[in-house]
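Student: Here it is: the structure, laid out below.
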Amino acid sequence: MAKPSTLGEHLAQQGVSRRGFLKFCTATASLMALPPAMIPMVARALEAARRPSVIWLSFQECTGCTESLTRSHNPTVEGLIFNAISLDYHHTLQAAAGEAAEHARETAMKENAGKYLLVVDGAIPMKDGGVYSTIAGVSNYDMLVETARNAAAVVAVGSCAAFGGIPKANPNPTGAVPVTDIVTDKPVINVSGCPPIPTVITGVLAHFLTFGKLPELDAYNRPRMFYGDSIHDRCYRRPFYDQGKFAETFDDEGAREGWCLYKLGCKGPTTYNACATVKWNGGISFPIQSGHGCLGCSEPDFWDAGDFYKALSTPRKPVGDWATLGLAAGAVAGAAAGLSARATRNRARTRREPVTVDDLKEEV
């Protein structure tokens, strides 16, 4: 039987019914924050889309990104998307090894020149000629340059590929750098996180299949549909922050009541990701829901940003405390701070820039 050339043909061959396919398209449209009226267009585009060739390169990494992406729950967008792409090269997942593996990469590059997607996880060592990480005797730098040359776009998966990650942490003995330091003539989309959320990378692939282009990006080249809001803005503990209710230790009464973890070092206010909405393990939970503050792992240099358990700044006092003390002027100042915070976020979104720690200090 001939190899199916389009996504629609492939899904039909896999036994996916028309009803199931439309459910898939509905989920995909929702994932990309599209209105219901766009679902038929998504269906037509995906049905006719050719299965893209994907070459996946792993460099200075821990395999956590691959582990995360293969832990998708079924039946979901993740499962259907990964069944729908042609994953032609991946060190961890491919059966081939040695010369056969490298031949598969070279063949995919030649047969799909200008059309394949290059996915990279891990940082690239540059010190001493890149000798600290090689594949088949080829340095990570040389392999990235060669493979990216004819790629349609590059997806940097995980904070190591996006920002350098743990390999780049001080004193950075291998001279590790992110993908964007090397690939400057191709579209690069960063799917940061340590590891990244599976739905984010599959959402990027779904967008590429539907529209033939990458989604809108923020100042750090991350897809805004997933990194447009801070974890703090979407966190279910946010009302406790606004009420001034904070856990002081990980096992006090506040912690047991689910109060805000801000004072315990939660970096949610300056971290942009979909953890609080998409969650992990089939949408079951995320770190803050499990009782631990956000480490900010989807932000640049989080590994060298200081103590994970130290608060970013002093949180604003709740309006109720000011009223009790009779400080009307404090209430006015609190309202102004709230307006300032909203203005800061609006300015950041207009500039496509995330709110920083300094911005938060200015609001306090």
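The values are calculated or read from the model by the stated rules, or taken from the named source; none is laboratory data. Worth saying up front: this structure is predicted, and the values here are computed from it rather than measured. We place every Cβ from the backbone using ideal geometry, glycine too, and count neighbours over all the protein chains shown.
Student: Only one of these conditions is not met by Thr184: (1) outside any helix (DSSP H, G or I); (2) over 30 Å from Met225 (Cα atoms). Which number is it?
Tutor: (2)
Student: Does the stretch 221-229 contain any residue that is in the same structural domain as Val155 (by TED's automatic domain parsing), in contact with a Lys or Arg (Cβ under 8 Å, 6 or more places away or on another chain) and under 28 Å from His10 (Cβ atoms)?
Tutor: No, the stretch 221-229 has no match at all.
Student: Is it true that Pro171 is crowded, with 23+ Cβ neighbours inside 10 Å, assigned by TED's automatic domain parsing to the domain that holds Pro215 and over 28 Å from Leu209 (Cα atoms)? Walk me through it before giving the result.
Tutor: Working: crowded, with 23+ Cβ neighbours inside 10 Å: no; assigned by TED's automatic domain parsing to the domain that holds Pro215: yes; over 28 Å from Leu209 (Cα atoms): yes.
In short, no.
Student: Of the residues Pro196, Pro167, only one is in a loop (DSSP other than H, G, I, E, B), farther than 20 Å from Met109 by Cα and within 19 Å of the chain's Cα centre (by Cα); which? Full working, then the answer.
Tutor: Working: Pro167 fails: in a loop (DSSP other than H, G, I, E, B).
Residue meeting the stated conditions: Pro196.
Student: Take the stretch 174-229 and flag every residue that is polar (S, T, N, Q), crowded, with 23+ Cβ neighbours inside 10 Å and at pLDDT 85 or above.
Tutor: Residues satisfying the conditions are Asn190, Ser192.
Student: Output the residue which, of all residues in the stretch 229-273 that are among the hydroxyl-bearing types (Ser, Thr, Tyr) and touching a strand residue (DSSP E or B) at 6+ places or on another chain (Cβ under 8 Å), is farthest from Pro196 (Cα to Cα).
Tutor: Narrowing the stretch 229-273 to residues among the hydroxyl-bearing types (Ser, Thr, Tyr): 230, 236, 241, 249, 262, 270-272.
Checking the rest, the ones that are also touching a strand residue (DSSP E or B) at 6+ places or on another chain (Cβ under 8 Å) come to 230, 241, 262, 270-272.
Details: Ser230: 15, Tyr241: 26, Tyr262: 22, Thr270: 17, Thr271: 13, Tyr272: 12 Å.
Within the stretch 229-273, the match that is farthest from Pro196 (Cα to Cα) is Tyr241.
Student: Starting from the stretch 200-219, take each residue that is assigned to a loop (DSSP other than H, G, I, E, B) and list its partners that are surrounded by 23 or more Cβ atoms within 10 Å (Cβ to Cβ) and among the hydroxyl-bearing types (Ser, Thr, Tyr), counting only C-beta distances under 7 angstrom and pairs at least six apart or across chains.
Tutor: Close Cβ pairs satisfying both conditions: Asp218/Tyr227.
Student: Quick check on Asp251: is it free of Cβ contacts under 8 Å to residues at least 12 places away in the same chain, out of contact with any Phe, Trp or Tyr (no Cβ under 8 Å at 6 or more places or on another chain) and not assigned by TED's automatic domain parsing to the domain that holds Arg71? Full working, then the answer.
Tutor: Values: free of Cβ contacts under 8 Å to residues at least 12 places away in the same chain: yes; out of contact with any Phe, Trp or Tyr (no Cβ under 8 Å at 6 or more places or on another chain): yes; not assigned by TED's automatic domain parsing to the domain that holds Arg71: yes.
Yes, satisfied.
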